[in-house]
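The values are calculated or read from the model by the stated rules, or taken from the named source; none is laboratory data. These figures come from a predicted structure and were not determined experimentally. Don't worry about glycine lacking a Cβ; one is built from the backbone with ideal geometry, like all the others, and counts go over all protein chains shown. What goes into the accessible areas is simple: the full protein's heavy atoms, side chains included, and nothing from ligands, DNA or RNA. Shrake-Rupley method; radii C 1.70, N 1.55, O 1.52, S 1.80 Å.
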Amino acid sequence: MRRLKAEDLEEGMVLAEDIYRDGEILLVKKGAALTDSLLRHISRLGIPMVGIEGEDENPPPALDPEEIEKIKDAIEGELSAKFQRVSKNPLMSQLREVFFKYLLSVEMK
Amino acid sequence: MTREEIKKKVYDISDLPTLPDVLIRTNKLLEDPDTLLADLTKVIEEDQSITSKILRIVNSAFYGFSGKIKTISQAVIILGFNTVRNIMVSLSIIGTFPKDGDLELFDPMKFWQHSVGCGTIAKFLGEKVGIDQPDEAFVAGLLHDLGKNIFAQFFKEDFFEALKMAYEKNILLFEAEEEVLGSNHALVGQYLGKRWRLPANLVDTIRFHHDPSHSKIDQDLTSIVHIADVICRGMGAGTGGDNSIPMIEEASWKRFDLKVELIEQWLPELGEKVEMANNLFSM
Ligand SMILES: [Fe+2]
Ligand SMILES: [Fe+2]
């Protein structure tokens with residue numbers, strides 16, 4: 001699967017994941033081919049990214065471990081400044097872990 | 001300066017940002033029990049620019065009635081007066097936020113993103129935990145740091161000192177404001193909210209978003225915004241002029257029975273929603 005921005009979608013592409021409205025109501029099931037009206041629907045709904053069947057034509061180069069470490073360090077640095085004064089609070093440190101995972105996943109996309 | 005001096009100054013500022021006429025007229029109509037739907041829609045529809053913006057928003061995924069609502073009266077019938085009014089307030093607030101500023105450390109774009117982010121997260125959390133009016137939480141989130149705009153526009157030098165102090169000592173802007181100005185953005189936002197005659201629970205949220213357990217009017221709304229502010233900072237959506245994260249009050253967290261695992265599960269969707277809202281409510 002590859003994930004494309006809504007504006008890069010084309011007619012005939014095959015959905016690799018279901019599309020939900022507001023994360024709840026199923027609009028289109030995966031396997032459907034994109035039609036003109038579906039495309040307009042997707043842009044109206046403001047859905048940012050859509051999963052499409054097929055391999056990425058130019059997949060992003062896999063990050064080398066060193067690169068990943070750098071990204072982790074940067075996020076860690078940012079979060080430790082932000083959480084410096086609340087680091088002793090158990091809830092806040094748990095949240096910090098959760099933000100770390102989230103920010104890393106965003107960076108790796 | 002003392003709190004009282006700042007309060008007086010805020011009440012005396014003659015060129016405070018104002019809310020648009022159409023909103024003031026709508027609010028008046030909504031206060032009158034005899035108002036008819038037709039009166040209300042007429043007032044709104046006279047303002048074409050806000051009408052088209054409202055329709056764009058109600059038909060977006062943000063409200064989930066895609067492409068079905070064609071007129072303001074349909075919007076009011078389907079979504080209710082309150083939701084339409086909340087959308088109008090949100091759109092009106094955009095206009096009162098400064099678009100540029102020369103204050104280093106306080107970027108109006110990033111501050112707007114912090115506000116939109118906080119509103120979006122508050123609405124989302126409100127829906128998940130089932131508070132009364134989740135779309136009111138959106139407005140409350142947009143407004144929560146309103147006082148910073150007043151500081152940035154009318155107390156520039158002192159505010160700059162506070163910003164610098166917040167970054168240098170890595171403390172909350174809220175605390176730095178107290179040290180430098182002897183007041184804080186929650187109080188100043190409350191003064192402006194009152195001058196604007198915002199609903200009491202919104203003013204309450206602005207006032208107590210840093211200490212929601214002191215809220216007397218709407219603890220649900222205040223607590224939701226308090227938590228949303230923390231999540232917004234953690235996600236790095238915009239910035240509010242400091243680089244520190246406030247502690248979530250235990251009572252707020254327990255109030256809704258929230259779990260860290262739930263937040264973890266929601267974050268990817270929240271990220272998408274925040275992006276969507278930023279496109280929808282861009283300056
Ligand atoms: Fe604040
Ligand atoms: Fe904030």
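Would the protein assembly as shown count as rounded, prolate or oblate if I go by the C-alpha gyration tensor, calling it rounded below 1.5 in a/c and otherwise prolate when a/b exceeds b/c, oblate otherwise? Because a/c hits 1.5 or more and a/b fails to exceed b/c, the protein assembly as shown counts as oblate. Counting only DSSP H runs of at least 4 residues, each contributing -39500 (n - 2.57), and dividing by the residue count of chain B, the helix-based mean residue ellipticity at 222 nm comes to -21500 deg cm²/dmol.
For chain A, the longest principal axis of the Cα atoms and the long axis of helix A:90-108 meet at an angle of about 50 degrees.
Once each of the trypsin sites (Lys or Arg not before Pro) sitting in a DSSP loop with at most 15 other beta-carbon atoms within 10 Å is removed, chain B keeps B:100-196 as its longest stretch.
Rolling a 1.4 angstrom probe over the protein heavy atoms with all chains in place gives the protein assembly as shown an accessible area of 48 Å² per residue. For the interface of B with A, what's the total buried accessible surface in square angstrom, probe 1.4 angstrom, rounded to the nearest hundred? In total, chains B and A hide about 2700 Å² from solvent. Where in chain B are the DSSP H helices whose C-alpha atoms run 20 Å or more along the long axis and whose mean Kyte hydropathy is at least -1.0? Qualifying helices, which must be both long enough and hydrophobic enough, are B:81-96, B:108-129, B:219-235, B:260-280. Take the Cα radius of gyration of region B:1-93 and divide it by 2.2 N^0.38 Å, N being the number of residues; the result is 1.33. With an a/c value of 1.5 or above and a/b not larger than b/c for the gyration tensor axes a ≥ b ≥ c computed over the alpha-carbon atoms, region A:30-109 is described as oblate.
Residues considered: B:LEU172, B:LEU181, B:LEU30. Largest GNM mean-square fluctuation over chain B, using C-alpha springs under 10 Å, is found at B:LEU30. Residues of region A:86-109 buried by at least 50 Å² of accessible area upon assembly of all protein chains, compared with the chain on its own (1.4 Å probe): A:LEU91, A:MET92, A:LEU95, A:VAL98, A:PHE99, A:TYR102.
Checking the cross-link pairs A:LYS82/B:LYS123; B:LYS110/B:LYS194; B:LYS99/B:LYS216 against a 31 Å limit on the alpha carbon distance flags B:LYS99/B:LYS216 as lying beyond it.
The angle between the Cα long axis of helix A:65-82 and the longest principal axis of the Cα atoms of chain A comes to about 60 degrees, rounded to the nearest 10.
Filter A:LYS5/B:LYS148; A:LYS72/B:LYS273; A:LYS29/B:LYS254; A:LYS5/B:LYS164 down to the pairs with a C-alpha to C-alpha distance above 32 Å, please. Listed pairs above 32 Å: A:LYS5/B:LYS148; A:LYS29/B:LYS254; A:LYS5/B:LYS164.
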